[in-house]
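Worksheet for the structure shown next.
The values are calculated or read from the model by the stated rules, or taken from the named source; none is laboratory data. What you see is a predicted model, and the numbers here were worked out from it, not measured in a lab. Here the Cβ is made from the backbone with ideal geometry for all residues, glycine too, and neighbour counts use every protein chain on show. We work out accessible area using only protein heavy atoms, side chains counted, and drop any ligands, DNA or RNA first. Shrake-Rupley method; radii C 1.70, N 1.55, O 1.52, S 1.80 Å.
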Amino acid sequence: ALPTLTPEESGGQVADPLRKTPANASGQWLVHGGGDDSTVQQQLLRQLQNGYQSVYVTGSVSADLRSQAGNRLVGGNGGYSANQSGQQLIIHLDNSQDGLRKTNFQQWPWLMNTLKGSLPEQVLIFLPKPIWGPKGFSDELEADLLGEQFRKLADQGKQVFVFQGNSNTEVELRD
């Protein structure tokens, strides 16, 4: 695993190679781990009311939150899916049982098929749990294989962003 930079080491921010500030980005959206706690749900709804275009959820959310947020809430319903929005391919995978195979082995052929052909510039992947590390996949070879698929996309010039549920707020950059 790569070492995590402290805020002091990174200057308090992670450098954005796309050089977009929130003021000139194409929209603001929030990524959240989800949860059924009413306080969390109220906070997510408040963020939508305060200007965020969408909330992308890595974990699960209640049906009540889903109905209140409407189509501005993306993910949070388990399973695996993909949709394209402009120049972004948004992929939701389910590793809730410590890996894709252990959760639903059919995700692998589906994912491989989804990644074939012409893809948009950005690929965003959302998972409820980490891929690597002590809370990640129980099969390290499967985790490495998934990472290799992401590297292949990057080698094709795609910008790959992986959002995974975790109890910590952190950023890890991988080549």
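Hand me the GluC sites (Glu not before Pro) from the range 70-175 located in a DSSP loop with no more than 16 other Cβ atoms within 10 Å, in residue order please. Within the range 70-175, the qualifying GluC sites (Glu not before Pro) (loop, at most 16 other Cβ atoms within 10 Å) are E121, E170, E172. When S118, S62 are compared by accessible area at a 1.4 angstrom probe, the order from most to least is S118, S62. For K102, neighbours were defined as the other residues whose beta-carbon sits under 15 Å from its Cβ, and their charges (Lys and Arg +1, Asp and Glu -1) total -2.
Counting charges near Q87 (Lys, Arg +1; Asp, Glu -1) among other residues having Cβ under 11 Å from its Cβ returns a value of 0. Ordered from highest to lowest accessible area with the whole protein assembly present and a 1.4 Å probe, H92, H32 read as H32, H92.
Sites listed here are trypsin sites (Lys or Arg not before Pro) in the range 86-146 whose DSSP assignment is loop and whose Cβ has at most 12 other Cβ atoms within 10 Å: K116.
Summing Lys and Arg as +1 and Asp and Glu as -1 over all other residues whose Cβ lies under 15 Å from the Cβ of L73 gives a net charge of +1. Spin-label pair N50-K116: with each label point 7 Å from Cα along the Cα-Cβ axis, the two points sit 4.5 nm from one another.
With both labels modelled 7 Å from their Cα along Cα-to-Cβ, the Q149 to D64 distance reads 3.5 nm. Need one number: % antiparallel among DSSP beta bridges in the range 24-133, to the nearest 5. Beta bridges within the range 24-133, antiparallel portion: roughly 30 percent.
According to the square roots a ≥ b ≥ c of the eigenvalues of the Cα gyration tensor, what is the shape class of the range 51-136, taking rounded for a/c under 1.5, prolate for a/b larger than b/c otherwise, and oblate for the remainder? In terms of gyration-tensor shape, oblate. In straight-distance terms, cross-link reach from K116 covers every one of the lysines whose alpha-carbon lies under 22 Å from its own, apart from those fewer than eight places away in the same chain; here that gives K152, K158. When the square roots of the Cα gyration tensor eigenvalues are ordered a ≥ b ≥ c, the ratio a/c for the range 79-118 is 1.5 or more and a/b does not exceed b/c, which makes its shape oblate.
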